[in-house]
1. Does A:Thr75 fit the bill of being surrounded by 18 or more Cβ atoms within 10 Å (Cβ to Cβ) and either at the interface with chain B (Cβ under 9 Å from one of its Cβ atoms) or at pLDDT below 90 (or both)?
2. Conditions: (1) within 30 Å of B:Ile273 (Cβ to Cβ); (2) polar (S, T, N, Q); (3) part of a helix (DSSP H, G or I). A:Asn341 meets all but one. Number of the miss?
3. Can you say whether B:Lys371 is at pLDDT below 85 and assigned by TED's automatic domain parsing to the domain that holds B:Gly270, as far as the supplied structure shows?
4. From the list B:Ile174, B:Ile182, pick out the single residue that is crowded, with 18+ Cβ neighbours inside 10 Å, more than 13 Å from chain A (Cβ to nearest Cβ) and modelled with pLDDT of 80 or more.
5. When you scan the stretch A:200-227, how many residues do you find that are within 21 Å of A:Ser270 (Cα to Cα), crowded, with 18+ Cβ neighbours inside 10 Å and among the β-branched types (Val, Ile, Thr)?
6. Just wondering, is there one or more residues in the stretch B:25-35 that are without any contact (Cβ under 8 Å) to a residue 12 or more places away in the chain and not in a helix (DSSP H, G or I)?
7. Please list, ordered by first then second residue, the pairs with beta carbon atoms under 8 Å, 6 or more apart or interchain, first in the stretch A:108-135 and over 22 Å from B:Met117 (Cα atoms), second of a type in the set (Phe, Trp, Tyr).
Amino acid sequence: MNRNTDLKTATVSQIQTNLARLKIISNKFINNLKKGENFELRTELNSEYRERRKEAVRRVIANMTIGKDVSGLFTDVLKNMQTDDLEIKKLIYLYLMSYAKVKPDLVILAVNTFVKDSEDKNPLLRALAIRTMGCLQVVEILDYIIDPLRRCLYDKDAYVRKTSAVCTAKVYELSEEAAIEYGLIDAVKSMVADKNTLVVANAVASLREMNEIAKNRNNSDLVWILDETTVTHMLSIINECFEWGQIAILEALVDYTPSSEKSAIYICKSVFPRLQHANCSVVLTSIRLLLTYQKFITNSEILEQVNKKIVPSLISLLSSAPEIQYAVLRSISLVLQQHPNLLSKQIRMFFLKYNDPEYIKFEKIELLVHLCDETSLEALLSELSEYSKEIDPSVSRRSIRAIERIAMRFKDHAERCLDAIIDLIALKNVETIQESAISVSRLSRSFQDLANGKISSSIIPTLCENYTLLESDPNAKASLITMAGECANVSPQIVFDLFSELEPQFLNEEESVQLAIVHASVIFFLRNPELSQTLVLRIIEKATEKCPNMDVRDVACMYWRLLSGDPNSAKQVVLSQKPRILTDSAKLSNTLLADFMNHLGCVSSILQLPPSKFLKSAESWNKSLTNTNQDLNSIDDQKSSANNEEYLANHSSKFSNKFDGDNLDEEPELLISL
Amino acid sequence: MASAVFILDNKGKPLIARDYKGDIPMSSIDHFLVILQEKAEQEGSAPPVLTHNGVVYLYLQEKDIYLVAISKRDTNTITILQFLQKLSNVFTSYFKNLEEESIRDNFVIIYELLDEMMDYGIPQFTETKILQEYITQESHVLEIQQRPPTAATNVVSWRPDGLFYRKNEVFLDIVESINMLISPNGTVLSGEILGAIKMKVYLSGMPELRLGLNDKAMFEKNGRESKGKAIEMEDVRFHQCVRLNKFEKDRTIMFIPPDGDFDLMTYRLGIQINPLIVCESVVETHRGRMEFMIKAKAQFKQRSTANNVEITVPVPEDADSPKFKCTIGSVSYAPEINSFIWKIKQFQGSKEGLLRAHFGFPSIRDDLPTKRLPISVKFDIPYFTTSGIQVRYLKIVEKSGYQALPWVRYITKNGEYQIRMPEPLQLTNASRLPKI
């Protein structure tokens, strides 16, 4: 018995020791897990061997790059900052820039090294220190950066000066008072007259940046206002400037108001050579300047010279990369609103290339309609017919739409355009035939004679024959049905057959098709009462009694009441002349256009939307920057609100787009989706 | 200006990023690909300028990566797109290939380059030559003191001081690419010449170069009669080294060249040009097969020869059992691009060649392919320019007074050179084309 208990206690104690051992092992394991890679890196960062420390810093940055949090190693990384290895130094600076915001108080630990580096005999290091210090963007750094920056602004090395010029803007953003009080801004202003063009360029860019910041703050005055001597100086050195500097100078000049016509002409003439620059942005910004300066110039000879210079430059920009080409094409569409005939002779340059990206093709088709004139119409029509046979349905649809729009613009040639569409219908291709149906239906409303002629006699019968091809596009179906009802000269038997085919399927159709059937069948009934009475009655009955859609029911009830009254007054209402569909009407307002022209090549003019439509105010930015760690919900919220905004923006752009004529079809959809 | 620049993989995940201004949360990039795809779905294709939630996204796509810049201002899009382009150029010359793998392997140097090429959203040095002076792939200890590029303190920012070559040489390549769209019946629908003067400069010191071309405008400006044929260059654009003011004044092309390779100028001529190579084709479709007959003609002078001519003719996707016969060159079927390629190694001027091709279809179809892709032609013709541009002289002046040798080469190449296919003839009876 005793032995037994002894045994028991023995085993119990054994188990206990075993358990304890296990615990130690598992604790070790867990600790290891906790420590993980950061722990290992910490040891390596504090290693006594230089190479290992270097490798460790590299690994820290590599981890940072793939988004792992290495902010815990802040102090250990900082210890390595005192080094003469430039690569390590750069990497640690980079680390500091990324985590300064998270650990602003610890940044102060690095300050001494920064200040020391900013006095180093190597200009590269001096500039690096100043540049990085500016990028830390924490208020804590302000007290320490002013002195080194003041020194570096007057450095004997141009590389350091050009870096300090930009750094001043960073300080200005942190604290306007500090930048003014310590004379930093004045130093940058005097740099505009520096003998090194790089320094001048960066000074100009930095001052413009500060102006921009001041503008966004509302309550501050502009930092820098151009005067005539500066303008003359900038123009004298612009040729020696590197490309980005030229853009900065040109942009500054765009905002400048010349004192007289003479000086405006002088500036324009000095800018002409820029049109030959290889950098697309230099060229487009020069064009922007030349076009905005036209308002200061009355001399027609000079104006003509300006226009003559601009044309080949605009065209030459079209041979750049597709992304840039896109921005150029959008800009050209604005230029053409101001100078409609500027590029008419160059229309061939806008013909589609087979391997253009789609977004380029879309823009080109827009411009082609715009550039078309009597002389190029024939060539353009055959081009557009060619594009409508393209593989890509969206290009092919847009081309057909373009033919329609040309018909609307050149009324005398509408029949020629219609012939082109007839040829396309004959190809019996699904996409082309659908879009053609929609276009023809719109043309039929604008051109009564065509509607009664070719459309009635040939197009509608062909489309009815190939009704199955239209099946998949409700818009195309609705268009054909409406047309069949509206055009008086179509053979009644064809229309009757069409409706008989449609009637059994009525309830399965989309709303737009149902509405079209109701409208068209009533018109058809009023024209051919004997033939269609029972059929139309069946349709209206279905629409009023069985159709679940309220709009369709309403419309059908309205017709029902109308038809049960006096047939003559019904005829008067239903068969009255419909207003023409207007296109080409909604041009941009002059103030908006002038705004866009002033910002040619900028986002607003590319999107052709005022900045308030796609940018956020400073306040709402502050809000979103303070809660950077938004949870998923808030992101989703933003998304949906942004989607709404985008949706509205899209629509407003559609309305402002002068050629868009299809809003009529879209409105019912808009009601539903809202 | 740009607030941050990202390099993303094709799934929209950042490979590397640089925040220049800290005024936009870096998480904004997470939406990028979603917005892009949404836009592409809505409109069929996404343009390079996108906006979402107050952020502007500008991007380029290169192979399997995206280069994206974000901004929250109404900024100059072309400047930024051009900057991204330069970024891609610089990366390519540093790592040969700009792709996901090379980005991952070189993250240290990419950080350095991003740091040097843009500051606070303002573009800085973007010339590879200058950057290579002080950002190198070998790790550098300060024993070999890295210095800012001499270009920063020089009169010209594109050429370092103190270059020396034992043999001073300059090579000029005048390359004209022909963009042309030709209708099936041989009329030119649109055509232009895009010319470029490419230079390779191996010269010591700070030479000043002067290039003379047979430029009509220059002869007129100086009131001189041209001896030979002078050409009218429409839009000429120059490398930043050329003194544009001087060119504007008297059309002299004067410059201190960068070292090594660069494009000195590009020009465009929109004059009526006759097509250099034309193809007349007859296409017949029968039930279950398709027949082609193509006649290629070299319409340039007999003493010139086009090399490496490649005529690519698209065929329907499901075509099979090809049979070919041709009078010159060789034909091969390239099913991966749904085309057959007719290669003619040397095609002498004013000669012509004939090709017959036959394809079968596995299934008998009623509906004809109405979509027709164009025939595209590749070629290069050495010692020949379509525009007739000529280098009259290249003067090289350096204060040490050495003699330098200029070499000039001319070549004409295809640009986007396409010939549209004729409407296929639908035949039920036997083919009218000769038997293969």
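The values are calculated or read from the model by the stated rules, or taken from the named source; none is laboratory data. Every value quoted in this text rests on a predicted model; they were computed, and no experiment measured them. Reconstructed Cβ throughout: ideal geometry from the backbone, glycine too, with neighbour counts over all protein chains shown.
1. It is false that A:Thr75 is surrounded by 18 or more Cβ atoms within 10 Å (Cβ to Cβ) and either at the interface with chain B (Cβ under 9 Å from one of its Cβ atoms) or at pLDDT below 90 (or both).
2. Exception for A:Asn341: condition (3).
3. yes
4. Values: B:Ile182 fails: more than 13 Å from chain A (Cβ to nearest Cβ).
Only one candidate passes the filter, namely B:Ile174.
5. 2
6. Looking through the stretch B:25-35, at least one residue is without any contact (Cβ under 8 Å) to a residue 12 or more places away in the chain and not in a helix (DSSP H, G or I).
7. A:Ile108/A:Tyr144; A:Val111/A:Tyr144; A:Val115/A:Tyr144
Per-residue answers, yes or no, for (1) over 19 Å from A:Leu600 (Cα atoms); (2) buried (at least 24 other Cβ atoms within 10 Å of the Cβ); (3) hydrophobic (A, V, I, L, M, F, W, C):
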| residue | (1), (2), (3) |
| --- | --- |
| B:Gly54 | yes, no, no |
| B:Leu67 | yes, no, yes |
| B:Gln82 | no, yes, no |
| B:Leu87 | yes, yes, yes |
